[in-house]
Every structure is written in C-alpha cells, then in structure tokens.
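**Student:** Before I ask anything, here is the structure I am working with.
The values are calculated or read from the model by the stated rules, or taken from the named source; none is laboratory data. Just so you know, these numbers come straight off a predicted model, no measurement behind them. Cβ placement follows ideal geometry from the backbone for every residue including glycine, while neighbour counts extend to all protein chains displayed.
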C-alpha cells in the first residue's frame, strides 16, 4: 500500500518489514512535516521517528472509538514528550476524531486553533493530558493507571478494564519526576501501564552521550518493570512487543524502541537539527521522496485515509458491547459510576457538611488546622468514596489518613490511601492523572515548603483545570525547630501568583472544614490548603450554615463601632490579630478583624462586598510569611506584620517573638498608623 | 575501649566486630540521644544508625584537620539526609572543631545556636552545605566533585585532590533530584564521589515497603556506578568498603549499608517511631544501657574524647605537606588559585567590562536579551577562567555556550561546559555544589518556566548566600508557539518573592551586560537573569560607565518636562513603554519611562532616589507576565499592563495583541488615568 517505493534503500528496507504499517506511519510523517513547515515552528523529528510505533499502537492495540471519544473505558494515550504534538494531532485527524479537522492541522500553533505547540487538555478529544513539561506525562499516566485499577476493583472489570499507554523520550527519563513516576509504578506493579520509549540517542544539545549514558533497560528492571527492546521502525516487532507487554499484567512495561529521529529526512535524520526546527521546503520534499510519499501538502491519499478511518472505528463494536455490559449492571451501581465519572457529588453531601459544621459549633475545639483538616476529612471521605488520599511520606504530619481511607494501595490491593513515597512531584503529577482519568477526587499531602518540589505539577493542575487537592501542612515558621529549610516564607505568595489555583489558609476548625468543602466542590480548579502545625483556638463560634471562607475574606470580629483600623490576617495569625484588636479596643480604638483565607475567592466577590470588608480605615496585614504581594490590600509592605527573610531553627514561641510577629507589634503599628 | 559491655547481646555481637569503632560510634549516639532529648525535638534514629559508618569515615578516611577547617583540599562531607544533623554536630564537637562547643550541642535547635534542626551552611565550620530538603545534598555533592576534578586539572592534583563523601537515606533516593544527580555523576564518571547509603528500610510512613521496593544497587549499576553492600554496623566491613570505593577512580561509588535505624534503642530501633521523635528519658536510659554507655548526659569519657580529638588532628601533617606543595608552586599559579578560592575578581575585570560596554555604545545592536547575554558572556568568560557554563539541554536556546567555555566536561576531560541533561533541578543543585566547593562561578541555563523544576535549589542558593547564576531564557509569552506550558506567567513574581535572590530582567544589550556584571560581582547572593527569546532594540545609546541596572530602576527616557504619568517596565516591555510614551508625548503628555530590571536592587536604594525615580504622577507598570506583586509600585493591579491568566500557542505578535500588551493599551490606560 505505499503509494510509491521509498527512494532511500535503507528506508525501503525498513518499509519492507511491515509495508502496511509503514504506509500508515508515512501519513503521520507527512502531516507532521507539512504542519511544522506551515507554522514555521515546531518539532518534526519525534513524530517522524515515532510514527511507526504510533501506527502499530493505534492501528492494532489501542481500545478507542473516534466516534465516541468520551468512552470512559477507552485506553488512555499520553504523549509525555509533548513537543511531538503533531504525532498526536495527525493520528486524531487520521482516525476521524470529529473536532480534529484538516483545517486545525493546517493551523498548527496558531491563535485560536486546537492544535497548540504542545497538546493542551481540553482543546480536543483524544488529548488526555497537557504535556510538554518533561517527565510529567508519565507521572500523570501513572495516576491514570492507579485510578483504573481502583475503579475496576470498585465497579468490576467488565466495565473498567483499560490500558494506559505512554510515549516518551530521553528527556522524560532524565527528569527526576520521570524517575519518581517509574519507581512508584514499579513498586505498585501497575501492569496495565505500557511505555514506549523513543530511544533515538538525540537530545537538543546533541547526541544523548553528552549527558545521558545509562543502561535504561537495566534501570527499569531494577525498578520492577517488564522491559523489552525492539526496532522502532519495524511494525511487526513493535506489534509483538506491545502484545507481550499486555500479556505481562503484574508489572508495568517499558518498550525501548530504537528509533531514528526525523526518520526519512535525508540530510537531517539522526541529528538534533531535526528535533525542534522545521525541515524547510526543500528538505521536506527530499524526505517525502525518500519515504515514497507523493502528492500535495496536507493531502492524504483516499485509500490510505480510508484505512486510517477504519482504524478509528475499529473499537465501535467493543464500545457497544461495553455499553451493554454497563446497562446490565444493577441500577445503583450504574448510577454511582455515572455520578463518579460526571464528577457530581452525592445527594447527601450537603447534609454531611452541615452535620460536621454543627458538630464544630456544638463543641468548639482548639486545634492545629492540620488536625482540623483530619477532623474534616473523617466525615467527608466517609461520604465520598471517590476521595483517594495519600502523602509524600509525611502521613503522620499531614494527618491525611483517616478511617474511611485507611486501606493501603498496594500491588495486591488498590486501597484508598497511596504511599507516594518521598516524591512530591511524582505525587502531584499522579494526582493530576487520577483527576484526568475520572472517578476520583485525589488529595495528597506534604509540607508547604516542599510545594517547591511539586510546583510545575501544581501549575499543570491549574492550567488543565483539574480539581486536584493539595494538603500542605507546616505552613509557616510555626513549624519551629526544623528550621529555615523547612519553613515556608515565599510560598504563599508564589502560589497565589499561579493563575486558576485556589490557595486556602484557614484560621480555625470551621474555616478548615469550609476550605475542604470548597476544594471538594471545585472540580475544575485545583485547591491548595495551607495548614498549621501548631494549635489555634476556634474563632468561629456562632452556628451558621454559611460558608464564609467561600467569600475569601470577611469580618470575623468587630470591636466597637466603625473602624479606626482594619487588621487583615490569614490562618494562624487571625487569632493573633484578634488578640491585638482586643488590646487596641481596650485602648479605645475601633477595630475590625478580617479573616482572609483565600485571596482568589475574595477577589472574585462583587466590588461592593470587597470595599465593605476592607473598609476605608488604615489597614494592617498579619501573616507569618513573606510580605510580597500584600500591597494588593494594604498601602505598603511596611503595613505587613510578617517575615522579611528566611526563618530560623527554634521553638515556635521564640520564633514569633524574634521575628516580631506578635500582638505587641500589631498594636504598636496600629497606633502609629492611626496616631492614637 | 567500650566503657561497659553492651547489655543487649545482639548489640554486643555487632560491637565485637570492631570494638574500637563501636566505642567511637557510641559517643555520636549518646550525644545525639541527649541533644534530641534536651531539645525535645529532632531525629535520633538516623544518627544512631549511621554512627558506626561516621566513626569509620572520619576515623580512618576523611582528609581533614579540625584545626584548619578551611583547608581548601579537605575532603568534603555532605549529610544529604540533613535531619540526621546531630550526627554531624557530634562529629564536629568530638573531633575538636573550635566553634562546635558542647554548649552548642546542648542548645541543639535553639534560637541563636549554630546547631539548627538541619545543618545550615555558614553556621559552623565543617558544615559544607545546607541540607534537609531531600535529594539536594547528593546533588550539591555532585557539583563539588565536578569542581574538584576541574580545579585539579587546572592547578594540579598535588594541590587539589580530595574526595566528596555523602551520607544519604531512602528519601534522597526516592526524590527525583537524587536520581538526576546520581545519573549525572555516573555519566561523568565522578570517581571521587563516594556515597554511603543508610539502607534502614524505614521511612516516616513506616517500612520502605510502603512506597519503595527498588533494587537500589541494580539501579545504581545501571547508572554506571561502582556498588557495594555491607553491614552498616560492622566497622571493619565499612572500612574495607570505603577503601575499595576510593580505589575505584573511574566511577562514583555507592556503599549500601544495611543499618538499623535507632540502633541501640531496645523498644524503638528498627521502627519509624525513632525517626523523628526524641527517645524520651526512659528509653534513652535503656538505649545507653543496651549500648554499654554510662555516665551523665552530654559527657564523653575523657579517654574516648581524647581518641576523637586525635582523629581531629589526624590530617595535620597532611595539611602541612599540602601547604608546602602549594608554596612550591610558581607564584602566579599560587596567586591565581588563591584569587579563585577567595572569590576575588581578577585585576583586569573592570577593564573587560568597560571594553564590552564601549563596544555596545559604539555599535548599538538590536538583539534578543538571550543573544545579548551571549554577547556579554564572550568577553566575561574569556576574562574569568572560574566561570563554568552549562545548560539543562537547551544550549542552543539559552545561548550559554561561548568560545571560552567551548570545551565539554566529559568523563575524560573536565572542560568548562557541562551538559547537565534535561535535569533542571539536578543542574541547579550541582551549581550550588560548585559554588560551595570554591574556585568557580557556575552559571546554567534553562527556560524561565522550568525554574519551577529547580525552585527549591534556587531557594537554597539564596538561603546559603551563594553566587550561583541562573540564566533563564524565553522569559514571557514572547516565546510564542510553544504555548502555555512553556510561557512563564507567575514566575517573575514567584522568584521575586524569594528572599536574598536578585532577579534581573534586562531591557537591552546594555542592561544585559550590566546584569551579568552584577551577577558576577555578587558572590554571596544568587542572581537569576530572565532573558527574552525575541529581539529588542538597544535603548541605552549614550556612552557611560555607570551600571544603571545596579540601581534596580532608573528613568531611561523622559518626554517633556515633569510628569503626567510614569511608565514602569521591565525587559522586553521597556521598548514598548518607550513607544507608548512617544505617542503620549505627541498627544501632549509629559511622560517618564522607568526601566526596572531588578526590584530587589531598586528597593535597596536610598528612599530619596526611589521617590524621585517613581515620581508622584500616576504610574502604569508594563510587564508581559502576571500582575501579582506590582502593587508594590503602582496603585492597583488595574494599572498593570500584563497577563491575567495563562498564555497560548501562537506567533508572538499575535499573542501580545490578543493579550492586550500593546502600545495602544498603554496609551489608552495612561489617558484614562490622567484624564488627558
């Protein structure tokens, strides 16, 4: 079926190994060449090198139905080396995904197109994850495989039984996050995770020998993986390797495919020159000739396109059979699965939250907000079987493990609590993968300071619009003796700076429950809870059903009538502000204390509410963190009682005193500001 | 020499393997137990488990002289599992480091002491790096070993010839950064790097089997390491293993020591309960009894202390021999080494900078600031042999490789350019290690968006006060088609929020040279250069020797007399602000344009200068990034022409237009603000 014989004898030799697959792959190569040339920007090398593998994978193995792209039990495909995006777009167009039109391919990397430089989740069906930041694709795929296994255990493998396929390159394996993900997958024996490694010996800086000389198969074996090697341009060998990978169900599989980057380009194949630059018109023509490809740009010969379109509906029967199996399930199971996949909360959810609130008002507690989080998690996880917990090896500190999730996720039993290990980035990427898969609300803990390690995964949660929940405890110098390496200073500011992320720093047990409620309801915005190590009194004592935290900020205490000064505080410092306000009021000042658990939620309130809450009086902010950013609400950083530099190692009380985050300091500054 | 026989027969069995070493180790264990108990906070388990190894390492192998702790050719010791800090403090006290007094040990984790919860670089001699954030210790050690090899090649192994030893635990190996570091070390064959792995099968969440089940030796072998396993409580076996590790000079060495966490504690040894909590008085007594340790708290029997003190001066002769060899060197070599180690710039440095400046004024260039950086690097690296470059596999994009450093650092030849691979975090930690080692000014590149991956290493640069230089290109939506995953939005704000980091976003070729000059002179503050992909005109045209960038901000253009409005911009947006100012002036407004390459430097200026520069007129900020933080200088985020969310994939001009970062938008807002 190749339209023409490859002109290059070496290519002809490869083509002869599986001519049909070679022809299918050529369609991917041709589209990739043309689109990158048209955009005059992009990465042709990887799509050209991995095209044969993609043709085998989609042609013979992937369970999918291009006409029913939302089929929950479809196989997942994650292009971890996202710069190879044209490979994915080509396949989606060729197999007939409705939204991936030829026009979109022609508009690769243009404003308003769904064919962005790197695959963007939500732009088109069939893009299962936003990839490009290397190593995170495999991290998310691990999460998908984790989710699949548990969902199958809950609802039966007659309706949940699919693979997660990943393509990745050297970059994903050089990145630490890629290693964290692979290590976790090996540990948990995720047998339905199959990784195709584009071993092309080329990175941007030249041959991989510049920086990477590992025995990759050996390393993966040491991490408990099933490992094979094969020629990445031999369709039959690839087919056999994928078949064998599927047969091994107790271990994740790595297929190291020896490939030539830019396969087909006479002058650039095998060189880093083809990694991230268009071939150009002349080389494109030469490459097509070498590959035996004829015809105008962007045009796929009808016969070949028909072949691809047939692949696109190859899964149709399987899809309908799945629908029947689902229909045959008892109604309650069907409805529950539907609810879970649709990310709807159960009918009794509101009542559960209300009961938890009432309990707090009936029996107020002084508690660290991490402890308050544990208290909140108890009823919430009991009510929401979709919540799946975990920690990056700080369970006892994060207090993320509560009775309802007290079953360990092991290689034998997919429980509701995941020991992610000391892998904050891997945890966060995996949680994104769990979110993407559907059926679950993942939450995971670490210390706030180590949000640094996970930062780009938090960013991807926000960029993709996923409701991943980050539980970040030990949220200030209040962690005490562990010292400056463990004390977050700039972290609240740096997280607030991320678009589309809700940062919540609750002040007491009530606000912590409210924060959890917000995080759980927010299925399309990630939430990050910053929680304290140290105890705080319960400040909210008057029973009410209104989630005040959802307003972002509100007057939690008013001393006197009107305001001489407004104290704005977050988290553990709200209680301190209240103490200072009491002292100021005793000295004759009228003071409002504003608790501000979330800047993002507050800024989303109507202007009138914001003005009323902040008031016209001079304002002081109190937060045991860096002052950066507070000028959004106060006149100057001089009006912030906070940290000017890094912390120190000492008991908590001493630290607050030495760093001047005290009642006296607030009182003194308020008096100075107001002249009273 | 044990003062008493261990009461526990299993311990007695271990002690009998090397009684003298066991006694030395007991001193570490006793001090660690007492200090953690006194602080009622800390991690006794790891020091107790690794004490035998530490006794062997310091007792028989480490080249050091406690009386001359700054000896440049001392072996380096990095405690990568920094929570085991009491192990290090104990050894420093026992060997007689002057500043590590018994009082300091007694004040473990207290305000003002040098014995912080985790080892803090600069607190005491013998603390070679700040550790605690897991995995970064080994990352920095890789940098130290890299530096040692190159410095030896430059100055001779008669004066530079030392090992770098690391102790680490499972956590460091679970972290991706630990894997990046190990992979790079294996690739470069850093034979003088020797890692002692505390394989105690315990993490905070319980047995490592919860989350970690790799064949660690197999994995390290696959990464090109020399690997041994031994009993971590057998002094003789440890001695033999370290001896063998030193003998293997072509590969880094891993010694997997099977240890018992909390070794000696009858009720807690081998359990996660001893990881991060004090033993308590009773268990401490039982542990000491089991170990055969008698006497009051914090007291080391005189004979044993004398043994330790003798170890402390074991290296004295070697130190003096080294001094003699150094003295025998030709004066120019000696002086140059001295200069390099003292972090002094060469005498002709100022002239080199001036010549580069003059060239720019003589022949102004339109260039991307990354290109301007390359232009600056050419003379600077030629003048400064201590500059050692690199990139996380983005050399051609970062433009970090210039003729003077155009020699690859390989396993055979320690050149001046390091291919760090796609390992941003590993690169950054290694650069910190190079800085710590001394003799070099490391700089390394990646895309600004991937500062996320390296973030906690950047933080550690700042916390330690190291002059590491980060070259972060593609610093805005100006990178265009790669799209939102590659476009930094919140990154400038999040980096500006880090204390003690100088963020520089230069506007043109002159400011870029000035930024480099600042970064190079700043040997105790890290610098981060945010550089553009796209061209900008040279705005600074009038020859001058004054480094205006060092002021942080300055009036770069004044249109008319006085000000109706002030436009503050950074980097590529300064030229845009100038265009807008021209248009506004044509419409009759008086406008000052302030270029603000560095907030930190500006805020360090005298108040009068700051007031004068910012002026009293309404202000508008222009920066193609998130608006967070700009309220430090403008009245409201409404007055920032910047980004409100993530970017998109499209050609650059389209992006600026669609996101409203245009001359017209600035003009319109200025008119609205001024009512003119």
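**Student:** Determine if the range B:311-323 includes at least one residue that is more than 21 Å from residue B:35 (Cα to Cα), touching a strand residue (DSSP E or B) at 6+ places or on another chain (Cβ under 9 Å) and part of a loop (DSSP other than H, G, I, E, B).
**Tutor:** No - not one qualifying residue is present in the range B:311-323.
**Student:** Pull out all pairs, ordered by first then second residue, where Cβ-Cβ is under 8 Å, the residues are six or more apart or on different chains, the first lies in the range B:411-430 and is on the phi > 0 side of the Ramachandran plot, and the second is assigned to a loop (DSSP other than H, G, I, E, B).
**Tutor:** B:421/A:211; B:421/A:212; B:421/B:392; B:421/B:393
**Student:** Do you know which residues across the range B:326-354 are in a helix (DSSP H, G or I) and surrounded by 14 or more Cβ atoms within 10 Å (Cβ to Cβ)? Write out each step before concluding.
**Tutor:** Taking the range B:326-354 as the starting set, the residues that turn out to be in a helix (DSSP H, G or I) are B:326-327, B:331-341, B:349-354.
Listed by number, the residues that qualify are B:326, B:333, B:334, B:336, B:337, B:339, B:340, B:341, B:349, B:352, B:353.
Table: residues versus (1) within 35 Å of the chain's Cα centre (by Cα); (2) under 19 Å from residue B:160 (Cβ atoms).
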residue	(1), (2)
B:266	no, no
B:277	yes, no
B:281	no, no
B:293	no, no
B:309	yes, no
B:318	yes, yes
B:327	yes, yes
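**Student:** Looking at A:244, A:237, which one is part of a helix (DSSP H, G or I) and either under 21 Å from residue A:12 (Cα atoms) or in contact (Cβ under 8 Å) with a residue 24 or more places away in the chain (or both)? Before you say what the answer is, go through the steps one by one.
**Tutor:** Numbers: A:244 fails: either under 21 Å from residue A:12 (Cα atoms) or in contact (Cβ under 8 Å) with a residue 24 or more places away in the chain (or both).
Selected residue: A:237, the only one of A:244, A:237 that is part of a helix (DSSP H, G or I) and either under 21 Å from residue A:12 (Cα atoms) or in contact (Cβ under 8 Å) with a residue 24 or more places away in the chain (or both).
**Student:** OK, next. For the range A:111-121: of the residues being surrounded by fewer than 24 Cβ atoms within 10 Å (Cβ to Cβ) and either in a helix (DSSP H, G or I) or in contact with a helix residue (DSSP H, G or I) (Cβ under 7 Å, 6 or more places away or on another chain) (or both), which is nearest to the other protein chains (Cβ to nearest Cβ)? Don't jump to the end; show me each part of the working.
**Tutor:** Applying the first criterion (surrounded by fewer than 24 Cβ atoms within 10 Å (Cβ to Cβ)) to the range A:111-121 yields A:111-114, A:121.
Okay, now just the ones that are also either in a helix (DSSP H, G or I) or in contact with a helix residue (DSSP H, G or I) (Cβ under 7 Å, 6 or more places away or on another chain) (or both), so A:111, A:113-114, A:121.
On the way: A:111: 4, A:113: 8, A:114: 10, A:121: 10 Å.
For the range A:111-121, the residue satisfying everything is A:111.
**Student:** Looking at the range B:605-616, can you tell me whether even one residue there is within 11 Å of chain A (Cβ to nearest Cβ), closer than 19 Å to residue B:669 by Cβ and outside any loop (DSSP other than H, G, I, E, B)? Reasoning before the result, please.
**Tutor:** Applying the first criterion (within 11 Å of chain A (Cβ to nearest Cβ)) to the range B:605-616 yields none.
No, the conditions are met nowhere in the range B:605-616.
**Student:** Tell me, please, whether a residue that is within 9 Å of another protein chain (Cβ to nearest Cβ), part of a loop (DSSP other than H, G, I, E, B) and in contact with a strand residue (DSSP E or B) (Cβ under 7 Å, 6 or more places away or on another chain) can be found in the range A:130-139.
**Tutor:** Yes, that holds for at least one residue.
**Student:** Just to check your reading of the model, which residue among A:542, A:511 is in contact (Cβ under 8 Å) with a residue 24 or more places away in the chain, more than 18 Å from residue A:444 (Cβ to Cβ) and in a loop (DSSP other than H, G, I, E, B)?
**Tutor:** Within the list A:542, A:511, the selection yields A:542.
**Student:** Of everything in the range A:251-271, what is farther than 30 Å from residue A:189 by Cβ and surrounded by fewer than 22 Cβ atoms within 10 Å (Cβ to Cβ)? Give them in sequence order. Spell out the reasoning first.
**Tutor:** Step one: filter the range A:251-271 for residues farther than 30 Å from residue A:189 by Cβ, giving A:260-271.
Hits for the range A:251-271 are A:266, A:267, A:270, A:271.
Okay, residues lined up against (1) crowded, with 18+ Cβ neighbours inside 10 Å; (2) under 30 Å from the mean Cα position of the chain (by Cα); (3) touching a residue at least 60 places away in the same chain (Cβ under 8 Å):
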position: B:20; (1), (2), (3): no, no, yes
position: B:26; (1), (2), (3): yes, no, yes
position: B:48; (1), (2), (3): yes, yes, yes
position: B:53; (1), (2), (3): yes, yes, yes
position: B:73; (1), (2), (3): yes, yes, yes
position: B:83; (1), (2), (3): yes, yes, yes
position: B:103; (1), (2), (3): no, yes, no
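**Student:** If you don't mind, another one. Please report, ordered by residue number, the helices (runs of 4 or more DSSP H) entirely within the range B:375-470 with at least 2 residues that are more than 16 Å from the chain's Cα centre (by Cα) and facing another protein chain (nearest Cβ under 9 Å).
**Tutor:** The qualifying helices (runs of 4 or more DSSP H) are B:395-398.
**Student:** In the range B:166-187, which residue that is more than 9 Å from chain A (Cβ to nearest Cβ) and more than 24 Å from residue B:276 (Cβ to Cβ) is surrounded by the most Cβ atoms within 10 Å (Cβ to Cβ)?
**Tutor:** B:185
**Student:** Return a yes/no flag: does the range B:496-509 have any residue that is at the interface with chain A (Cβ under 8 Å from one of its Cβ atoms) and touching a strand residue (DSSP E or B) at 6+ places or on another chain (Cβ under 6 Å).
**Tutor:** yes
**Student:** Could you go through the range B:641-653 and let me know if any residue there is under 30 Å from residue A:39 (Cα atoms), outside any loop (DSSP other than H, G, I, E, B), touching a helix residue (DSSP H, G or I) at 6+ places or on another chain (Cβ under 6 Å) and within 11 Å of another protein chain (Cβ to nearest Cβ).
**Tutor:** yes
**Student:** Condition first: at positive phi, in contact with a helix residue (DSSP H, G or I) (Cβ under 7 Å, 6 or more places away or on another chain) and in contact (Cβ under 8 Å) with a residue 12 or more places away in the chain. Can you find one or more residues in the range B:141-160 that meet it?
**Tutor:** no
**Student:** Now for a different question. Identify, by number, the condition in (1) in contact with a helix residue (DSSP H, G or I) (Cβ under 6 Å, 6 or more places away or on another chain); (2) at the interface with another protein chain (Cβ under 9 Å from one of its Cβ atoms) that residue B:482 doesn't meet.
**Tutor:** Of (1) in contact with a helix residue (DSSP H, G or I) (Cβ under 6 Å, 6 or more places away or on another chain); (2) at the interface with another protein chain (Cβ under 9 Å from one of its Cβ atoms), only one is false for residue B:482: (1).
**Student:** Which of the following residues is assigned to a strand (DSSP E or B), surrounded by 15 or more Cβ atoms within 10 Å (Cβ to Cβ), in contact with a helix residue (DSSP H, G or I) (Cβ under 9 Å, 6 or more places away or on another chain) and more than 9 Å from every other protein chain (Cβ to nearest Cβ): A:625, A:665, A:670?
**Tutor:** A:625
**Student:** Within the range A:203-227, restricting attention to residues that are in a strand (DSSP E or B) and modelled with pLDDT of 95 or more, which residue is farthest from residue A:271 (Cα to Cα)?
**Tutor:** A:226
**Student:** Out of the range B:367-387, which residues are over 19 Å from residue B:539 (Cβ atoms) and touching a residue at least 40 places away in the same chain (Cβ under 8 Å)?
**Tutor:** B:377, B:380, B:384, B:385, B:386, B:387 - these are the residues of the range B:367-387 that are over 19 Å from residue B:539 (Cβ atoms) and touching a residue at least 40 places away in the same chain (Cβ under 8 Å).
**Student:** Sticking with this one: Against the condition within 14 Å of residue B:139 (Cβ to Cβ) and either surrounded by fewer than 24 Cβ atoms within 10 Å (Cβ to Cβ) or in contact (Cβ under 8 Å) with a residue 12 or more places away in the chain (or both), how does residue B:433 come out, does it pass?
**Tutor:** Considered against the rule, which asks whether it is within 14 Å of residue B:139 (Cβ to Cβ) and either surrounded by fewer than 24 Cβ atoms within 10 Å (Cβ to Cβ) or in contact (Cβ under 8 Å) with a residue 12 or more places away in the chain (or both), residue B:433 comes out as yes.
**Student:** For the range B:217-231, which residues satisfy the criterion of being facing another protein chain (nearest Cβ under 10 Å), surrounded by 21 or more Cβ atoms within 10 Å (Cβ to Cβ) and touching a strand residue (DSSP E or B) at 6+ places or on another chain (Cβ under 6 Å)?
**Tutor:** B:220
**Student:** State whether one or more residues within the range A:649-662 are crowded, with 23+ Cβ neighbours inside 10 Å and under 34 Å from the mean Cα position of the chain (by Cα).
**Tutor:** Scanning the range A:649-662, I find at least one residue that is crowded, with 23+ Cβ neighbours inside 10 Å and under 34 Å from the mean Cα position of the chain (by Cα), so the answer is yes.
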